[in-house]
1. Exactly one condition in (1) within 15 Å of the ligand (Cβ to nearest atom); (2) under 16 Å from the mean Cα position of the chain (by Cα) is false for residue 106; which is it?
2. When you scan the range 45-158 for strands (runs of 3 or more DSSP E) that lie fully inside it, which ones turn up with 2 or more residues that are closer than 30 Å to residue 224 by Cα?
3. Scan 126, 147, 139 and give me the residue that is more than 29 Å from residue 74 (Cβ to Cβ), surrounded by 19 or more Cβ atoms within 10 Å (Cβ to Cβ) and touching a helix residue (DSSP H, G or I) at 6+ places or on another chain (Cβ under 9 Å).
4. When residue 162 is evaluated against the numbered criteria (1) surrounded by fewer than 14 Cβ atoms within 10 Å (Cβ to Cβ); (2) over 27 Å from residue 29 (Cβ atoms), which criterion, by number, is the only one it fails?
5. Mind telling me which of the residues 96, 159, 127 ends up being within 13 Å of the ligand (Cβ to nearest atom) and more than 25 Å from residue 199 (Cα to Cα)?
6. Give all pairs with beta carbons closer than 9 Å in which a residue from the range 114-140 that is free of Cβ contacts under 8 Å to residues at least 60 places away in the same chain meets a residue that is surrounded by fewer than 18 Cβ atoms within 10 Å (Cβ to Cβ) and assigned to a helix (DSSP H, G or I); count only pairs at least 6 apart in sequence or on separate chains.
7. I'm trying to understand the selection: among the residues of the range 7-24, which are more than 10 Å from the ligand (Cβ to nearest atom), surrounded by fewer than 19 Cβ atoms within 10 Å (Cβ to Cβ) and within 20 Å of residue 157 (Cα to Cα)?
Ligand code: DC
């Protein structure tokens, strides 16, 4: 007897600030499935490692610390050792820290299992940098969402202003460019378009257009 799996995974990879998070959340909502923000996991780990003053190149200390850190993903929050870090991980400092620590092999290895495991709890939209290539290579549909650095910097800038936070466009643009270089030139799991992924440049698209495009492609794939 053939066993058919009714749950499925949709992956959305892409560079910083391409609008992946907002798009992925809405896609998950429209499809009525879970949303997995893998960047939040990397951010949480980077925050705790930096707070513990464990340097990215201190491999032995890193491995030991990673084996002791407990990360839990709740519906809308990330807990590290039972402590909710959801808002603390959304700062420019943690942007940088996550970019640095996520390039460390021991960190990626430690977080792989936690990410893969999420598939056991039902269908999901996973968003990150390597979810279509490394974490869920068998995903039902894969997307690579991107936009020009300027379009991404403008969105980040407007997002921060809307939240009443301070923002400097040039600083954001430089930081995005630097993170692109870090994320795409690192040795392990560099940012790349996964095999079989649908490439979507959203520079001139609204968020709703991107969401509708993705939902349509997923529905098409599901109906085959
Ligand atoms: O998407 P984000 O900005 O929240 O991601 C934070 C950092 O984590 C970013 O520098 C890239 C890294 N990351 C990664 O290496 N692999 C993932 N699957 C998700 C995020």
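The values are calculated or read from the model by the stated rules, or taken from the named source; none is laboratory data. Note that this is a predicted model, so its numbers are computed, not measured. For neighbour counting, all protein chains shown are included, and Cβ atoms are generated from backbone atoms with ideal geometry for every residue, glycine included.
1. Of everything listed in (1) within 15 Å of the ligand (Cβ to nearest atom); (2) under 16 Å from the mean Cα position of the chain (by Cα), residue 106 misses just condition (2).
2. 124-128, 141-146
3. 147
4. Against the list (1) surrounded by fewer than 14 Cβ atoms within 10 Å (Cβ to Cβ); (2) over 27 Å from residue 29 (Cβ atoms), residue 162 comes up short only on (2).
5. 96
6. As it stands, the answer is 134/112, since those pairs meet every condition given.
7. 22
Yes or no, residue by residue, for (1) exposed (fewer than 12 other Cβ atoms within 10 Å of the Cβ); (2) at negative phi; (3) within 16 Å of the ligand (Cβ to nearest atom); (4) assigned to a helix (DSSP H, G or I):
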{"position": "174", "(1), (2), (3), (4)": "no, yes, yes, yes"}
{"position": "178", "(1), (2), (3), (4)": "no, yes, yes, yes"}
{"position": "182", "(1), (2), (3), (4)": "no, yes, yes, yes"}
{"position": "189", "(1), (2), (3), (4)": "no, no, yes, no"}
{"position": "194", "(1), (2), (3), (4)": "no, yes, yes, no"}
{"position": "203", "(1), (2), (3), (4)": "no, yes, no, no"}
{"position": "213", "(1), (2), (3), (4)": "no, yes, no, yes"}
{"position": "220", "(1), (2), (3), (4)": "yes, yes, no, yes"}
